[in-house]
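Take a look at the structure below.
The values are calculated or read from the model by the stated rules, or taken from the named source; none is laboratory data. From a predicted model like this one, the values you see are computed outputs, not experimental measurements. Glycine also receives a Cβ, built like all others from the backbone with ideal geometry; neighbour counts cover every protein chain displayed.
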């Protein structure tokens, strides 16, 4: 859940944070029981395991960030530390080794930050950018730092972002630079339409440079770099989408609009060039949706996709809609199955009344069959968590990691059985 509302609308995210600081949440640390979930499909097979059987994860990195390093390990850093007296941003960073299934601490970040984002650079290092240092309006951070796996240390970039912000968008451009878009410039507000500010990080110079601004401010939006090098951003407390052409340095609004303002969803480029958008949270009503859409980045036209209904569930059974989930294309660009199979896991349902419901569900979307296939439940519930790809293993199977978050200190690890896939 990544929303704070006021006046007559139920406050969500900050309400959760305050509950954490009072010790009211944090149940559900053991593996949940199965209940009323869709049957596991025989069309696609995968295996869920406890990825950290010795419980070595030191912090749940609530609203932290993680990414797969060039050396094959995962780094997780920042977030909110539930073990502190009161809920506070942390500088803690940890490494996950897929071979040993253990977490170990590494050098700390220079600044404590939550609601940050991270991305792996072409040289195998990792950029951690933005975030918030606390819960005041002035807490949004304009700093960024790079983790070097050879030294185990973080280094602040030579300069700062144009504007301090959290919940921003990051994506890698084809030339190895990083495009950073939008984000909320208010450190204690996870709602709002965000900023139009855009920066580009150059790993060669270790510096940020301002770029053309978005047409509309947005935060917690979907962002994806297309195969042709353009970048699309979608939603983020907006109904609109826009596309960035790095050769021209310009943004263009796309013609069609989503039926409501959405945030906390993901978008993927399918093999046919269409974009697939799934779920998200309505920022007006505060509810989550099961709807999906196809977006043509060339014409700007939106069309409805298959519903996710029934594939988002908790130990209590199926729920309505999903936001704040993990999602990955199962195969990298250039693979014959890239843009065919999309993996979704975790997240939550935000009802109009009552507490949010957090998920242990997982599914795979087959873009050719145009349907979702159940591959859950996960060993642990995950929401407001962090996640990462893992390296393809010796058997040639993709693997994924979800860990920590709002209601679990566990680490859920998924291995796809590629032998179960068919063209």
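Tell me, which residue of segment 257-281 that is assigned to a loop (DSSP other than H, G, I, E, B) and farther than 19 Å from residue 193 by Cβ is nearest to the chain's Cα centre (by Cα)? Break it down into steps so the answer makes sense when it comes.
Here is the first cut: in segment 257-281, the ones assigned to a loop (DSSP other than H, G, I, E, B) are 257-261, 264-265, 270-274, 279-280.
If we keep only those that are farther than 19 Å from residue 193 by Cβ too, we end up with 270-274, 279.
On the way: 270: 19, 271: 22, 272: 24, 273: 22, 274: 21, 279: 13 Å.
Among those that are assigned to a loop (DSSP other than H, G, I, E, B) and farther than 19 Å from residue 193 by Cβ, it is 279.
Counting just the residues of segment 316-325 that are part of a loop (DSSP other than H, G, I, E, B) and more than 13 Å from residue 346 (Cβ to Cβ), which one comes out modelled with the lowest pLDDT?
Here is the first cut: in segment 316-325, the residues part of a loop (DSSP other than H, G, I, E, B) are 316, 319-322, 324-325.
Restricting the remaining residues to those that are more than 13 Å from residue 346 (Cβ to Cβ) gives 316, 320-321.
Working: 316: 92, 320: 95, 321: 96.
Among them, the one singled out is 316.
Hand me the list of strands (runs of 3 or more DSSP E) wholly inside segment 41-83 holding 1 or more residues that are in contact with a helix residue (DSSP H, G or I) (Cβ under 6 Å, 6 or more places away or on another chain). Spell out the reasoning first.
Details: elements: 45-50, 65-68, 74-77.
It comes to 45-50.
Name the residue, out of 331, 400, 344, 414, that is in contact (Cβ under 8 Å) with a residue 12 or more places away in the chain, farther than 20 Å from residue 56 by Cβ and assigned to a strand (DSSP E or B).
Working: 331 fails: assigned to a strand (DSSP E or B); 400 fails: farther than 20 Å from residue 56 by Cβ; 414 fails: farther than 20 Å from residue 56 by Cβ.
344 is the lone residue from the list that is in contact (Cβ under 8 Å) with a residue 12 or more places away in the chain, farther than 20 Å from residue 56 by Cβ and assigned to a strand (DSSP E or B).
Give just the number: which of (1) at pLDDT 95 or above; (2) under 18 Å from residue 280 (Cα atoms); (3) crowded, with 18+ Cβ neighbours inside 10 Å does residue 356 not satisfy?
(1)
Give 150, 160, 196 a once-over and let me know the one that is in contact (Cβ under 8 Å) with a residue 40 or more places away in the chain and assigned to a loop (DSSP other than H, G, I, E, B).
Working: 150 fails: in contact (Cβ under 8 Å) with a residue 40 or more places away in the chain; 196 fails: in contact (Cβ under 8 Å) with a residue 40 or more places away in the chain.
When all the criteria are applied, what remains is 160.
Filtering segment 117-138 down to residues that are within 15 Å of residue 90 (Cβ to Cβ) and at pLDDT 95 or above, which residue is surrounded by the most Cβ atoms within 10 Å (Cβ to Cβ)? Even if it seems obvious, please write down each step before you answer.
Our first condition is that a residue be within 15 Å of residue 90 (Cβ to Cβ); within segment 117-138, this holds for 118, 128, 131-135.
Restricting the remaining residues to those that are at pLDDT 95 or above gives 118, 128, 131-133.
Values: 118: 24, 128: 29, 131: 33, 132: 31, 133: 19.
Of everything passing the filter in segment 117-138, 131 is surrounded by the most Cβ atoms within 10 Å (Cβ to Cβ).
Considering only segment 82-104, I want to know if a residue exists there that is surrounded by 20 or more Cβ atoms within 10 Å (Cβ to Cβ), modelled with pLDDT under 95 and farther than 26 Å from residue 327 by Cβ.
Yes.
Run down 118, 112 and say which single residue is touching a strand residue (DSSP E or B) at 6+ places or on another chain (Cβ under 6 Å), in a strand (DSSP E or B) and in contact (Cβ under 8 Å) with a residue 24 or more places away in the chain. Break it down stepwise before answering.
Working: 112 fails: in a strand (DSSP E or B).
So the residue among 118, 112 that is touching a strand residue (DSSP E or B) at 6+ places or on another chain (Cβ under 6 Å), in a strand (DSSP E or B) and in contact (Cβ under 8 Å) with a residue 24 or more places away in the chain is 118.
Test each condition in (1) closer than 25 Å to residue 281 by Cα; (2) touching a residue at least 24 places away in the same chain (Cβ under 8 Å) for residue 178 and report the one that comes out false.
Residue 178 satisfies every listed condition except (1).
Pick from segment 282-300 the residues that are assigned to a loop (DSSP other than H, G, I, E, B) and touching a strand residue (DSSP E or B) at 6+ places or on another chain (Cβ under 6 Å): which of them is farthest from residue 267 (Cα to Cα)?
Step one: filter segment 282-300 for residues assigned to a loop (DSSP other than H, G, I, E, B), giving 283-287, 289-291, 296-300.
Narrowing further to those that are touching a strand residue (DSSP E or B) at 6+ places or on another chain (Cβ under 6 Å): 283, 297.
Values: 283: 18, 297: 12 Å.
It comes out as 283.
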